[in-house]
1. For the pair THR327/ARG435, report the inter-label distance in nm, with labels modelled 7 Å from Cα in the Cβ direction.
2. Holding the Cα-Cα limit at 20 Å, pick out from LYS364/LYS416; LYS392/LYS432; LYS314/LYS364; LYS340/LYS416 the pairs that are longer than that.
3. Taking the dipole about the Cα centre of region 135-265, with the C-beta of Lys and Arg at +1 and of Asp and Glu at -1, give me whichever of SER237, LEU264, THR170 is farthest to the positive side.
4. What is the packing order of peptides 166-178, 326-338, 126-138, taking the mean over residues of other C-beta atoms within 10 Å and listing the highest first?
5. When LEU415, LEU383 are ordered from fewest to most other Cβ atoms inside 10 Å of their Cβ, what list results?
6. To the nearest 20 Debye, how big is the dipole of region 352-443 about its Cα centre, given +1 on the beta carbon of each Lys and Arg and -1 on that of each Asp and Glu?
7. Rounded if a/c is under 1.5, else prolate if a/b beats b/c, else oblate: with a ≥ b ≥ c from the C-alpha gyration tensor eigenvalues square-rooted, which is region 352-443?
8. With a ≥ b ≥ c the root eigenvalues of the C-alpha gyration tensor of region 223-276, is it rounded (a/c under 1.5), prolate (a/b larger than b/c) or oblate?
Amino acid sequence: MKYLIILLVFTLSAPTQAALPAAINGEPLPSLAPVLEQVTPAVVNINTQSVQYVRSRNNDFYSWFYGLPSTPRERVTQSLGSGVIIDAVQGLILTNHHVINDADEISVVLHDGKTHQATLIGSDEGTDVALIQIEAEGLTALPLADSETLRVGDFVVAVGNPFGLGQTVTSGIVSALGRTSLSGLGFQNFIQTDASINPGNSGGALINLRGELVGINTAIFSPSGGNVGIGFAIPSSLAERMMRQLLTYGTVRRGSLGLEVQNLTPRLVAAFDLEDDQGVMVTAVNQGSPADRAGIQAGDVITQINGQVIRSQKQFENQQGLIELNTDVAIGFWRNGKDKRIMTRISEVDRNEMEGMELHPALKGAALTNLPAKYRDRYQGVLFETIQQGSKAWALGLRSGDLITAVNNDEIINLKQLNERLAANKNEPLLKIYRNGRYYLLPLEK
């Protein structure tokens with residue numbers, strides 16, 4: 001603190017300098033100010049509040065001694081982030097999933113200081129994209145750029161609310177494109193930039209010099225927790241695709257190619273006489289899946305998905321997770337020493353995630369997913385990924401991590417089968433649930 005005070009004194013006692021000229025020899029000095037005057041009103045601060053109930057024993061000795069029940073205690077947590085207005089008429093704002101996750105209240109502070117309560121339209125943990133909405137007039141929205149045209153070296157500007165200080169602008173360049181394999185994050189295709197991004201910048205705007213949105217700032221790489229010049233943003237093209245789904249469904253619908261893969265090893269490369277160790281080997285293909293319909297077989301080596309090179313199982317799962325439903329998928333693979341290309345399509349029946357309400361009214365509040373490949377050698381069934389507390393599914397006793405292994409004694413291995421079984425048994429289907437090494441039966445009532 002002493003150092004800061006001394007620094008402040010020196011600053012105040014320094015001689016006043018003349019302002020920089022607006023032009024030299026008739027030529028205006030370069031400045032980002034004109035662009036930012038149009039951009040900054042579209043970047044907002046987001047404040048969230050959530051209430052958690054913690055059970056704790058009364059601190060009074062007699063209450064403890066006589067075994068009186070513990071009493072719930074409220075714990076209020078708050079967080080700060082940023083957001084970008086992308087539709088001024090509807091009041092739609094893009095931000096990060098992790099900024100608003102589990103929030104009971106979301107408030108938005110506009111550039112003019114006015115605060116509005118926001119409604120959550122939808123959120124996707126996989127891509128860390130969320131869409132919220134406010135009711136306000138006179139908003140300014142940012143136009144979306146085609147992030148696919150970005151090049152390494154392009155100048156970019158980050159706008160957000162770091163550390164709750166208020167709106168802050170930093171500049172840099174695009175350091176890399178298509179970044180993946182970052183630990184702890186979901187489906188990845190990040191823009192890397194050296195524009196300063198710090199805690200609180202999450203959900204803020206990454207813009208080009210035309211004032212167009214090219215990315216949503218989402219993460220930093222830092223050994224210390226502060227900015228070291230390595231920040232990551234979700235490309236605007238990806239965020240826009242997720243936004244369309246959130247507007248339509250309130251969630252992001254994903255499909256699966258229906259195959260299992262493993263990383264290549266030197267022994268596999270030698271055994272299959274492969275040219276190099278690029279790609280992943282197919283170990284199993286689900287019957288009737290998009291991969292099966294395209295003719296993919298066990299022993300094939302997947303090298304590309306939609307033009308993106310595949311070098312590992314994680315990259316394969318990442319690219320698969322970014323595929324939208326009802327779109328064509330180009331798969332490149334090696335078979336018998338030959339490079340092949342095929343096209344397939346992931347449709348609604350190939351979905352990898354579903355909301356419980358889509359399957360049965362009693363499952364409202366649950367989110368289900370196909371069992372991840374790494375667990376399939378030990379378990380089979382459909383996984384309850386999340387259960388909203390207080391929902392119908394919660395009231396039935398279902399919890400995150402439960403597995404549905406059968407419907408009316410008919411075993412299931414994926415969401416497609418579960419959907420078919422429940423559609424055929426509308427009255428009171430009987431679910432077989434696996435939890436912590438034990439099975440129990442659960443009838444579903446409408």
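Any read-out appearing in this document is the output of simple, stated calculations on the displayed coordinates, not a laboratory observation. Small disclaimer: the values here were computed from a predicted structure and weren't measured. Glycine also receives a Cβ, built like all others from the backbone with ideal geometry; neighbour counts cover every protein chain displayed.
1. 3.7 nm
2. The pairs that break the limit, which is 20 Å between Cα atoms, are LYS314/LYS364; LYS340/LYS416.
3. LEU264
4. The peptides rank, most packed first, as 126-138, 166-178, 326-338.
5. Placing the least packed residue first, the sequence is LEU383, LEU415.
6. Here the size comes out at about 240 debye.
7. Taking the square roots of the gyration eigenvalues as a ≥ b ≥ c, region 352-443 is rounded.
8. Working: a/c = 3.50, a/b = 1.42, b/c = 2.46.
Verdict is oblate for region 223-276.
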